[in-house]
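Comments concern the structure below.
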Amino acid sequence: MSPAELDEKTGLQDHTTPLDPANLLAELEYYKNKCRELEQATGPKEEPYDWGFEPEPPKKRGHDIVWLFVPNLIGYGRLLYLYVFLLWVDKDPIIALNFYGLSCFLDVCHGFYAMYYDQCSQFGAVLDMITDRCSTTFLLFSLASSLPEWKLWFQGLCVLDWVSHYVHMCATASTGKSHKSIEADQSWTLSLYYTNKLVLLGLCFLNEAFFMLLYVAAFQNSPITKGAPELLRHPFFTTTVPWLLRLTFPGMALKQLINIVQLARASQWLVNMDVEARQKKTG
């Protein structure tokens, strides 16, 4: 830009005569104000800072193919393990429980890898929820078959598990939040359950452990077949399993109570949203 163009843009005149020392500070202040006005009009020129080295490129988050996200692949693996569990559930309890336990272990890994790889997704949340419900359903229906005198109780717990989580997900999805984003003023019980990882993992572990031990106890009282049931009749297992059942029963009962609270609170949230929607429509 030529001096004449600069003078025309800034409103300054070309100083060809020497500056008066007495007015030097005033002249400098005048130029500073004009430069500030020019920056406000055109925007400051951003110069890249020279750090003396080439900065590292930002780390990539990975691909955006949701179907192939690591936590979703873990979910597919859990479903595969549950299928193998069903194949062995009436034949060999040790093999069946090993695959069921692997499915439960992967459930713990699912959330960790979702956060680590920044691959949280709506599809992954639904897949994880459905897989959890399927695993509980498979085990409860197996118990209903092994212990027919308690069949209605197992079927009722299965329905409670499905319905409470389904209504809860519908209620939280209507607000655009995760099903684990529960504030204390909404329900301190559910907030503690979903936000405290020790409480969540502890109750889920005790709940699954109780039903798995009950599955072992059902096999101990069944007629001896090949392989594993003979091992389960060893005195160590026959004395240990009843004590472990008593130890894990309170956790299982508390988990079912939380399911009831979850169903009641989620139903109330849906009703409140319906009332608000009707009031906006009529108001």
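The values are calculated or read from the model by the stated rules, or taken from the named source; none is laboratory data. This one's a predicted model, so the numbers in the text were calculated from it and none came from an experiment. In this analysis, Cβ positions are derived from the backbone assuming ideal geometry, glycine residues included, and neighbour counts consider all displayed protein chains.
Worth a mention:
For (1) buried (at least 19 other Cβ atoms within 10 Å of the Cβ); (2) in a loop (DSSP other than H, G, I, E, B); (3) basic (Lys, Arg), each residue gets a yes or a no:
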position	(1), (2), (3)
Leu143	yes, no, no
Cys158	yes, no, no
His168	yes, no, no
His179	yes, yes, no
Glu183	no, yes, no
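- Of all residues in the stretch 146-155, those being surrounded by 13 or more Cβ atoms within 10 Å (Cβ to Cβ) and either without any contact (Cβ under 8 Å) to a residue 12 or more places away in the chain or among the hydrophobic types (A, V, I, L, M, F, W, C) (or both) number 5.
- Single unsatisfied condition, Thr239 versus (1) surrounded by 18 or more Cβ atoms within 10 Å (Cβ to Cβ); (2) closer than 25 Å to Glu149 by Cβ; (3) of a type in the set (S, T, N, Q): (1)
- Looking across the stretch 185-198 at every residue that is farther than 16 Å from Lys255 by Cβ and part of a loop (DSSP other than H, G, I, E, B), the one that is nearest to the chain's Cα centre (by Cα) is identified as Gln186.
- Note on the stretch 204-221: among residues that are in contact with a Leu (Cβ under 6 Å, 6 or more places away or on another chain) and surrounded by fewer than 18 Cβ atoms within 10 Å (Cβ to Cβ), the one that is modelled with the highest pLDDT is Ala218.
- Residue list for the stretch 59-111, filter: at pLDDT below 90 and farther than 30 Å from Ser146 by Cα: Lys59, Lys60, Arg61, Gly62, His63, Asp64, His110, Gly111
- Selection of first residues in the stretch 268-283 that are without any contact (Cβ under 8 Å) to a residue 24 or more places away in the chain and of second residues that are surrounded by 10 or more Cβ atoms within 10 Å (Cβ to Cβ) and assigned to a helix (DSSP H, G or I), restricted to Cβ pairs under 9 Å at least 6 apart or on distinct chains, gives the following pairs, ordered by first then second residue: Gln268/Ala171.
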